[in-house]
1. Considering only segment 48-96, how many residues are touching a Lys or Arg at 6+ places or on another chain (Cβ under 6 Å) and modelled with pLDDT of 95 or more?
2. Do we have residue 200 as surrounded by fewer than 20 Cβ atoms within 10 Å (Cβ to Cβ), assigned to a helix (DSSP H, G or I) and at pLDDT 95 or above here?
3. Cβ-Cβ below 8 Å, separation at least six or inter-chain, first residue in segment 70-86 and in contact (Cβ under 8 Å) with a residue 60 or more places away in the chain and under 14 Å from residue 141 (Cα atoms), second of a type in the set (S, T, N, Q) and exposed (fewer than 13 other Cβ atoms within 10 Å of the Cβ): which pairs?
4. Give 184, 143, 156 a once-over and let me know the one that is over 25 Å from residue 230 (Cβ atoms) and either surrounded by 12 or more Cβ atoms within 10 Å (Cβ to Cβ) or within 16 Å of the chain's Cα centre (by Cα) (or both).
5. Could we say that residue 163 is touching a residue at least 24 places away in the same chain (Cβ under 8 Å), surrounded by fewer than 16 Cβ atoms within 10 Å (Cβ to Cβ), over 15 Å from the mean Cα position of the chain (by Cα) and part of a helix (DSSP H, G or I) here?
6. Can you pull out the residues in segment 47-87 that are surrounded by 14 or more Cβ atoms within 10 Å (Cβ to Cβ) and among the acidic types (Asp, Glu)?
7. Filter segment 21-37 for residues that are within 23 Å of residue 86 (Cβ to Cβ) and either in a loop (DSSP other than H, G, I, E, B) or modelled with pLDDT of 90 or more (or both); which is farthest from the chain's Cα centre (by Cα)?
8. Name every residue in segment 34-59 that is under 24 Å from residue 216 (Cα atoms) and not aliphatic (A, V, I, L, M), in order of residue number.
Amino acid sequence: MLFTLSVLVIFTAAPLVFALLFFFRAPYGRHYHGGWGPTVSARAGWFLMELPALVVIAVCVVLAGREISLLSFLLLGLWEIHYLYRTCLFPFLIRDRGKQFPIAVIAFAGVFNSLNGYANGLSLAASPTLSAPGLLSGVRLVVGIAMFAAGFVTHVWTDRNLRSLRRPGEIGYKIPRGGLFDLVASPNYFGEITQWTGWALATWSLPGLAFAVFTVANLVPRARAHRQWYLETFPEYPRERKRVIPFIY
């Protein structure tokens, strides 16, 4: 029952979040503004927000009481690599002096990450298609894992290049250039969309599809807001750059 409810909540939340983010900017990062209640430091906010995604899926897989295939553990490993980076490394690399993160956003994200981790964890533990893939599903699996890996590398590369724009002690923003930055405003979001689309292909599951759909619904409007912010902040910002998908949007 909880599994079905979790998947339904994720699918239902996707269009709602997509629509809302076209009318207001989620208040964290460069778009932070007051009026959202109590806050914590950006570093603590990122850690607390991502922690459920790191922990819940692993607990669900380990405690499922089923024999778990090596392939399921491989896919779990990919998920954990991403969220180890997002939870335990990324927050402590950012320069968050004076930056705040609303607790309300942490709470919403924590609920979502818990449900998402639960649904994907049970799916990994239960899916028979992950035990002995045939030819077509094997190709799909390889393509999905390759997309996940490429998206993760893109995501980490983008974060590194954004950090390199700031000298020690700086917290302001500059126009990023080079690589995918010459094509889109938010290559990190393009990387995440690629990752979780690959995850949906590799797992071939409803929770995987739900997460991919939600990722698109969440990040496409935010990428739009990023590009608009750049245009408003820097008159010299290249207007030919797309928002998140090279050459398309």
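The values are calculated or read from the model by the stated rules, or taken from the named source; none is laboratory data. Everything numeric in this text was worked out from a predicted model, so none of it was measured. We place every Cβ from the backbone using ideal geometry, glycine too, and count neighbours over all the protein chains shown.
1. 1
2. Here the answer is no, as residue 200 does not meet what is asked.
3. Once the first residue is in contact (Cβ under 8 Å) with a residue 60 or more places away in the chain and under 14 Å from residue 141 (Cα atoms) and sits in segment 70-86, its partners that are of a type in the set (S, T, N, Q) and exposed (fewer than 13 other Cβ atoms within 10 Å of the Cβ) give 71/131.
4. 143
5. Spelling it out, residue 163 is indeed touching a residue at least 24 places away in the same chain (Cβ under 8 Å), surrounded by fewer than 16 Cβ atoms within 10 Å (Cβ to Cβ), over 15 Å from the mean Cα position of the chain (by Cα) and part of a helix (DSSP H, G or I).
6. Listed by number, the residues that qualify are 50, 80.
7. 36
8. Correct list: 45, 46, 47, 50, 52.
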